[in-house]
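Take a look at the structure below.
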């Protein structure tokens with residue numbers, strides 16, 4: 001079954017390359033434009049979706065101006081069941097969004113595979129209200145099989161400026177037990193590929209624009225501390241490193 005799982009994941013990655021190249025390219029260009037204008041990249045997700053923010057924050061080989069919006073109550077380490085309930089709660093997003101410094105030159109990436117819950121949708125809408133360009137990483141395939149929990153009936157892909165489809169099936173499993181229960185999730189692996197592709201594309205776009213990409217070096221390479229500290233000083237007023 002391990003080979004079957006890995007083969008399915010490879011199929012998803014191939015589908016990503018074939019069908020999402022344009023949307024990833026748009027996202028990468030917007031990220032590059034934002035950074036060149038002095039903006040930063042906000043990333044938000046609930047539950048396992050927050051891992052995409054973890055992935056690109058303070059990352060060796062990654063862009064420095066990344067602000068992950070970490071809300072502990074919406075993560076899993078305090079109470080996984082409570083986090084799942086809070087994600088469904090209308091207006092809960094404003095309890096943490098009011099403290100976020102979002103500016104028109106910024107970009108906001110919202111991650112939600114199902115795309116049905118109020119908190120990710122409200123976060124994207126709030127970003128748009130601030131004039132921020134919004135990117136959704138979600139699964140249209142999942143959303144159309146489930147009713148939205150947002151009062152208007154909209155999904156995440158309805159409210160963002162550009163949507164990147166991770167193509168996860170409803171239930172987020174690529175394998176199925178005899179009783180119909182799905183297992184072997186795809187969204188995290190594909191999501192990490194998506195968000196790193198956006199960052200890679202943005203870095204390459206910045207090079208094309210003759211703008212030095214603010215990329216962190218590994219802390220385990222000699223001479224990297226000085227380089228990284230300069231980037232921290234540059235963005236520390238807006239990002240908590």
Subject >> Pairwise centroid distance, computed over Cα atoms, of the range 193-221 with the range 12-87, Å >> reply: 15
Original post:
What ranking of 75, 1 emerges when the number of other C-beta atoms within 10 Å of each C-beta is taken as an exposure proxy, fewest first?
Top reply: 1, 75
Original post:
Any idea what angle helix 224-235 forms with the longest principal axis of the chain, computed on alpha-carbon atoms, 0 to 90 degrees, nearest 10?
Top reply: 80
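Let me check against my output: what whole-number percent is the relative contact order of the range 27-70, with C-alpha pairs under 8 Å and at least 6 apart? Write down the numbers at each step before the final one.
Numbers: 46 pairs, mean separation 16.3, N = 44.
Computed over the range 27-70, the figure is 37 percent.
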Original post:
With axes computed from alpha carbons, what is the tilt in degrees of helix 118-129 against the longest principal axis of the chain, rounded to the nearest 10 within 0 to 90?
Top reply: 40
Subject >> Crossing angle, helix 2-19 versus the chain [Cα axis fit, 0-90 degrees, rounded to tens] >> reply: 60
**OP:** Out of all DSSP beta bridges with both ends in the chain, state the antiparallel percent to the nearest 5.
**Re:** 15
Original post:
Quick one: if the Förster radius is 35 Å, what FRET efficiency do residue 178 and residue 70 give, using the C-beta to C-beta distance and rounding to 0.05?
Top reply: 0.35
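Rounded to a whole number of µm²/s, how large is the Stokes-Einstein D of the chain at 37 °C and 0.692 mPa s, given Rh as the Kirkwood radius over C-alpha pairs?
Values: Rh = 18.4 Å.
Diffusion coefficient, whole number: 178 µm²/s.
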Original post:
Remind me, relative contact order of the chain in percent, using alpha carbon pairs under 8 angstrom and six or more residues apart?
Top reply: 24
**OP:** For an R0 of 35 angstrom, estimate the FRET efficiency from the Cβ-Cβ distance between residue 146 and residue 226 and round to the nearest 0.05.
**Re:** 0.10
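Each value in this text was obtained by applying a stated rule to the coordinates, not by laboratory testing. Because the structure is a prediction, the values reported are computed rather than measured. Cβ: placed from backbone, ideal geometry, glycine included. Neighbour counts: every protein chain shown.
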